[in-house]
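Remarks on the structure that follows.
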Amino acid sequence: MKNRFMVFIVGLLVMIFAPVSLGCGADSEKPTVKIVMAPYFGSWLCTYGITSGEVASDEVEVTIDLSLKFDDQMMAGNYPIGAMNTAAFAIGTELASFDLKALGVYLAHTGLEVTDGVALVYVKPGSSLSSPADLAGKKVGVPGLNSGTASTFLGLLKTEYGIEENQITLVDNAPPQLLEFLRKGDIDATLVLGDPSVQAYASGEFQVFWNVDQAFEARYGTYNPASFLAVRADYAAANPETTRAVYELLLQSRDWGEERLEELSEIYVAEYGGNAAFYQNAYTRHYSVTFDGVEGALEDGVMAIFGFVKDRGIISSIPEPEDIFVKW
């Protein structure tokens, strides 16, 4: 009986004087954040450091889903952080059931070294068209009527050349199909973007009629921002340190990937096919991931795109910059 009493006393003393656990066990583990990004080479390159485990954070565990429906996934609230094209983000600031903020530019229509551009209008060699003003009354291909690129194209066409959207017959389809329409003569010109545009640029089969990205840069003094790294405002407010840690980890992964561009392009081709030299050229000369903060000339350019989207009736108002752009 005495021994049992001593065991009880010792156990009680251990309970009383044991140190209180704060943040131990499961609570001390790094938070895990799942984000969604575009499934293109630039996205793959800049997130491969994370997905391969070569780049990691002491503050957050990040898992990445690559999806063609990245805009829809963010609009649905399925991810707290992810990529959104500029027009989808503008629409989301008005129509989403939650507030969105942009942590910075994600994919930009500028290469690491030069801006040969991605948003290009092509015609067949020998076309009688000589100026964008000549597109009035013509049949023009556009890949995605509600995309930021389409709105920028149509907005610049109006501001630079006085051509209204209703003066053109727009044909909406995927870039490869639009190039085939152009090849057959079913349309007079087509706006193309993404890797199909880079391929068309390099092939020389079509004539670059108007470089929309260079026109944007000439007017606004900055590259054309194609998409943002967006975050749900409620998530960012509740988890500011984690949100910042995700952003910084993506920056580190981007830098790590760009330093290994040649090596990683070979890995990408082995898995997905294509040509490594093509992807290296595309990232160096046509598009790249920047994660730049939206301020100064870049902010002016972004707000101009929002204005283009509004002018087309896709959104009814333009948000205030301080409400939607995170200033680090």
Filter result (open to solvent by 30 Å² or more (accessible area, probe 1.4 Å) and either modelled with pLDDT of 95 or more or of a type in the set (Asp, Glu) (or both)) within the range 132-149: Ala133, Asp134, Ala136, Gly137, Lys138, Lys139
Count of residues meeting criterion [of a type in the set (A, V, I, L, M) and closer than 19 Å to Ala108 by Cα] in the range 223-248: 4
Selection count, the range 76-92, where residues are open to solvent by 20 Å² or more (accessible area, probe 1.4 Å), under 25 Å from Val212 (Cβ atoms) and touching a Lys or Arg at 6+ places or on another chain (Cβ under 9 Å): 0
Hey, Asp255 open to solvent by 10 Å² or more (accessible area, probe 1.4 Å), modelled with pLDDT under 95, in a helix (DSSP H, G or I) and in contact with a helix residue (DSSP H, G or I) (Cβ under 9 Å, 6 or more places away or on another chain) or not: no
Within the range 116-212, strands (runs of 3 or more DSSP E) holding 1 or more residues that are out of contact with any helix residue (DSSP H, G or I) (no Cβ under 8 Å at 6 or more places or on another chain): 139-142, 169-172, 207-211
Qualifying residue in the range 98-113 (condition: farther than 19 Å from Thr222 by Cβ, of a type in the set (D, E, K, R) and at pLDDT 95 or above): yes
Residues within the range 166-190 that are within 22 Å of Ile305 (Cα to Cα), within 28 Å of the chain's Cα centre (by Cα) and open to solvent by 70 Å² or more (accessible area, probe 1.4 Å), tallied: 1
Any chance Leu229 is in contact with a Leu (Cβ under 7 Å, 6 or more places away or on another chain), open to solvent by less than 10 Å² (accessible area, probe 1.4 Å) and on the phi < 0 side of the Ramachandran plot: yes
Total residues in the range 69-100, condition farther than 20 Å from Ala304 by Cβ and not polar (S, T, N, Q): 17
Qualifying residue in the range 300-310 (condition: part of a loop (DSSP other than H, G, I, E, B) and either of a type outside the set (Lys, Arg) or at pLDDT 95 or above (or both)): no
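The values are calculated or read from the model by the stated rules, or taken from the named source; none is laboratory data. It should be emphasised that the depicted structure is a prediction, and the values quoted were computed from it without experimental measurement. Because the Cβ atoms are built from the backbone with ideal geometry, glycine has one as well, and the counts that use them run over all protein chains shown. Calculation scope for accessible area: heavy atoms of the full protein, side chains included, ligands and nucleic acids excluded. Shrake-Rupley method; radii C 1.70, N 1.55, O 1.52, S 1.80 Å.
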